[in-house]
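Worksheet for the structure shown next.
Since every read-out is calculated from the coordinates, none of them should be taken as a lab result. Predicted, not measured: the structure shown is a model, and the values here were computed from it. When we count neighbours, we look across all protein chains shown, and the Cβ atoms used for this are built from the backbone with ideal geometry, even at glycine.
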Amino acid sequence: MNAFNRRNFLKTSMLGGFAATCYKPVKAISPWWYPEKMSSQVALTTGDDRADIAFRALQPFSEEIKQNIGERLVVLKPNNVLIDIPLCATHVETLEGTLEFLKSIDKLQNVIIAESSAAGKTFDGFHNYEYDSLVSKYPVKLVDLDQEPFDILYVFDEKDFRPHACRMSRKLLDQDTYIISVARMKTHDRTVATLSLKNIVFAAPLKDPGGWENSDKPTVHGSGYRAINFNMFALAPRLHPQLALIDGFEGMEGNGPAQGTSVDHRVCVVSPDWLAADRVAIELMGIDFKKVGWLNYCMDAGLGEGDLSKIEIIGEALTDHIIPYKLHDKINDQLIWMNPSSDQAHHTPMDNHKPYAQS
């Protein structure tokens, strides 16, 4: 972990804590992390206009979203894992469709677009992906989370089986913030797929200038495929979106999340229940749900609805829009989490795995 002021560490470490270290019912965690009653409806739209399908997927939840936002700060969290590969990033038109929706429900007064890219300067990514154009059209600010305050949370590492402190974005941890995860449908080199939850969990660890070598993001990866799945689950109660929007207009298959190839899918998924949204997205990608460790852990812990038979899909029929995505070349390594008693599982390091550049 990067060195930072010890006095600040001691001051903030008690605020962070480790989110969850065992499976508990949702109500046993904290009443404000998850609402008492969460809709398990998921909207599924299709079409030839990326902004339009995002707008239409949000509409069924208009009243719920408006009420839940209230006077809170709204954070639109795109997925810009790298700053110069458009296929890996949230498209500007998806953000525009989301902003048009917020305008339609009169909730544009307090909105930011915030990110901490895995490598490179976040604002360079904003510029490369033309997010600047949104500032001229809407009363929205662009925010680099790496320049914002943080708290300390702890994550697990396979190398030493000890908790490791990690700087996490206070803005994404703030219960008074309404977070909309605006993610792209992609396969992944470590977690099978990256969808709405991962978009929030891995934006939260911050970095200093210099990118991956001065970042706390590797700490959350936990040096292994089992640890990264567990850490995603353990952090989910504190780091999850209040609203999940998953853009599958043009997905990524193969060696995602940054080096994969395009899938012409033309779908969009939205739900106030991020787990239900991710579950439907996994199905749309033709991925076997049982292979996705973090999603199974979260379902087992009751952090949302993961049972497809209990999810009401609004709009298009799910079975009409399933396209099997090619998985990452390292998929067999990733699945070691399914057999933790094997000798290989005792330590399957990702070693000095750089952020997707070599994937």
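Note on Glu312 and Glu63: the model spin-label points, each 7 Å out from Cα along the C-beta direction, lie 1.2 nm apart. Straight-line reach from Lys207: taking Cα to Cα under 14 Å and skipping same-chain neighbours fewer than 8 places apart, the aspartates and glutamates in range are Glu115, Asp144, Asp146, Glu148, Asp151, Asp216.
The calculated FRET efficiency for Ile322 paired with Asp49, based on their beta-carbon distance and R0 = 30 Å, is about 0.90.
For the peptides 90-100, 195-205, 231-241, 155-165, the ranking by packing is 195-205, 231-241, 90-100, 155-165, with the highest mean count of neighbouring Cβ atoms within 10 Å listed first. Peptide packing for 166-176, 321-331 was compared via the average number of neighbouring C-beta atoms within 10 Å per residue; ordered from the highest value, the list is 166-176, 321-331.
Distance between the pseudo-spin-label points of Glu148 and Ser133 (7 Å out from Cα toward the beta carbon): 2.5 nm.
The modelled label-to-label distance between Asp329 and Leu108, using points 7 Å beyond Cα along the C-beta direction, is 4.5 nm. Give the residue from Leu284, Gln175, Ile85 lying farthest towards the positive end of the charge dipole for the range 39-345; charges sit on Cβ (+1 for Lys and Arg, -1 for Asp and Glu) and the dipole is referred to the Cα centre. Comparing the listed Cα positions along the dipole, Gln175 ranks first.
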